[in-house]
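Read-outs: derived from the displayed coordinates by stated rules, not from any lab. All of these numbers come straight from a predicted model, not from anything done at the bench. Ideal geometry is used to build each Cβ from the backbone, glycine not excepted, and the neighbour counts take in all protein chains shown.
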Amino acid sequence: MKLMSIRDLRNRPGEIQKMLAGETVALTSNGRPFALVIGVGKDDLLALEAAVRQARAQLAVSSMRTKAASSGLDRLSTAEIDAEITAARQERARS
């Protein structure tokens with residue numbers, strides 16, 4: 001993966017096309033990555049977007065599982081889960 005600063009992108013926009021030939025480019029601001037740019041063909045744009053959405057969802061689920069395991073919530077019984085859901089719904093109804 002190659003890195004490109006947002007300043008370089010602004011000053012030399014054509015450069016990113018060269019960099020994307022078979023590569024993925026991470027855009028950076030103040031040295032920190034904030035966006036990922038990938039080359040796409042006109043036929044695979046929608047499929048690629050769906051794949052990115054699926055990957056983000058999988059990362060979110062993985063993060064939730066890790067947090068649940070670290071706090072012991074992964075060991076709740078079904079009855080305890082149902083009680084938590086009921087309490088949350090009651091709280092929301094009061095708001």
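Points worth noting:
- For Rg and Dmax of the Cα atoms in Å, the value calculated from this model appears in [x] 13.3, 45; [y] 12.1, 34; [z] 21.2, 59 under label [z].
- Per-residue [θ]222 nm for the chain (sum of -39500 (n - 2.57) over DSSP H runs n ≥ 4, rounded to 500): -19000 deg cm²/dmol
- For region 3-69, relative contact order (Cα pairs under 8 Å, six or more residues apart, normalised by length) works out to 23 percent.
- Checking every one of the trypsin sites (Lys or Arg not before Pro) in the chain against DSSP loop status and a limit of 14 other Cβ atoms within 10 Å picks out LYS42.
- From the largest down, region 45-94 spans 43, 28, 15 angstrom on the principal axes of its Cα atoms.
- Taking GluC sites (Glu not before Pro) across region 9-95, the ones in a DSSP loop with at most 15 further Cβ atoms lying within 10 angstrom of their Cβ are GLU23.
- Going by neighbour counts of Cβ atoms within 10 Å, the residues VAL37, VAL61 line up, fewest first, as VAL61, VAL37.
- Highest GNM mean-square fluctuation among ASP44, ASP82, ASP74, for the chain modelled with Cα contacts below 10 Å: ASP82.
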